[in-house]
Amino acid sequence: MATPTPQTAPAGGLRERKKQRTRDALIRAALELFTEQGYEATTVDEIAEAVDVSQRTYFRYFANKEDVAFAVQEMVEARFMAELTARPATEAPLTALRSAVMVAWDDIGSAIESVIPVELHMRSYQMIESTPALMAVHLRRSSELEEQIARLIAGREGLDVDADPRPRVLVAAFCGVMRVAGKIWGEGADCSVASIRELTQSYLDHMAPAIDDDWRTHR
């Protein structure tokens with residue numbers, strides 16, 4: 001009777017995990033270099049060298065420095081969009097937006113920390129805010145994301161986003177609140193996910209009263 005051989009993981013699975021580890025290492029090395037010596041002063045060669053890979057390997061994962069600078073932010077946004085897409089159709093638009101972002105923050109912390117420390121994520125956010133070239137990209141990406149969200153909300157409500165302004169108006173207000181919360185978090189001393197989640201909840205709680213005609217009734 002033949003002796004059974006040990007089971008091994010499929011080669012494809014091992015290969016994918018190795019690729020993911022390399023990608024994560026490149027992100028972490030890039031963000032550490034960007035925040036320590038500046039985005040403009042950092043070269044692709046330095047990032048690749050920090051991970052002990054070639055420049056050619058770097059470009060297999062990222063087209064340029066900009067891509068790696070926003071890699072974690074893109075992951076956070078994708079998590080939010082997935083949650084928003086999954087919200088029940090019966091939820092009102094603002095409720096769906098609020099619920100999606102709060103649920104996303106419940107597990108995004110562990111996703112971020114699987115790639116980089118949350119503290120590095122905070123420093124990276126501050127670095128983007130203080131780097132003109134990246135801030136311009138950040139504003140462009142934010143505008144594109146807002147349009148995606150507005151179209152998703154319009155689709156949920158059975159509206160034509162180009163004929164009915166409400167989805168874009170609502171999303172503009174919501175994303176404005178999110179930007180303010182993120183800015184305050186980035187300027188604070190507490191870099192925890194719990195802190196950004198609590199701050200986000202507080203600012204969203206004030207969204208409706210802030211757009212009310214009479215602020216004196218909400219003191």
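A few points about this structure:
- Whole-angstrom Cα spans of the range 132-194 along principal axes, big to small: 43, 29, 14
- Each peptide in 126-138, 171-183 receives the mean, over its residues, of other Cβ atoms within 10 Å, and ordering these scores from highest gives 171-183, 126-138.
- Degrees, to the nearest 10: 71-86 long Cα axis against longest axis of the chain: 50
- Mean separation of Cα contacts under 8 Å, 6 or more apart, over the residue count of the range 1-156: relative contact order %: 23
- From most to least packed by mean Cβ count within 10 Å, the peptides 14-21, 109-116 give 109-116, 14-21.
- The share of C-alpha pairs in the range 30-80 whose separation exceeds 18 Å stands at 30 percent.
- Counting Lys and Arg as +1 and Asp and Glu as -1 over every other residue whose Cβ lies under 13 Å from the Cβ of Ser195, the net charge comes to -3.
- Under the criterion of Cα pairs below 8 Å and six or more residues apart, the relative contact order for the range 26-88 equals 34 percent.
- Simple spin-label estimate for Ala189 and Ser110 gives 3.0 nm between the two label positions (7 Å along the Cα-to-Cβ direction from each Cα).
- Taking a straight Cα-Cα cut-off under 26 Å and skipping sequence neighbours fewer than 8 places away in the same chain, the lysines within cross-link reach of Lys183 are Lys65.
- Within the shell defined by Cβ-Cβ distances under 13 Å, the residues around Arg23 carry a net charge of +3, with Lys and Arg each +1 and Asp and Glu each -1.
- Here's the picture: charge each Lys and Arg Cβ at +1 and each Asp and Glu Cβ at -1 in the range 91-219, and of Pro209, His121, Met102 the one pushed furthest to the positive end of that dipole is His121.
- Carbon and sulfur %, accessible surface of the range 77-123 computed with the full protein complex present, 1.4 Å: 60
- Based on the Kirkwood approach, the hydrodynamic radius assigned to the chain is 19.6 Å, with every pair of different Cα atoms included.
- Å² of accessible area per residue within the chain, as computed with a 1.4 Å probe and no ligands counted: 58
- Count Lys and Arg as plus one, Asp and Glu as minus one, and take only other residues whose Cβ is under 15 Å from that of Val101; the net charge is then -3.
The values are calculated or read from the model by the stated rules, or taken from the named source; none is laboratory data. These numbers were taken from a predicted model, which means no experiment stands behind them. Cβ coordinates were reconstructed from backbone atoms using ideal geometry, including for glycine residues, and neighbour counts include every protein chain displayed. Calculation scope for accessible area: heavy atoms of the full protein, side chains included, ligands and nucleic acids excluded. Shrake-Rupley method; radii C 1.70, N 1.55, O 1.52, S 1.80 Å.
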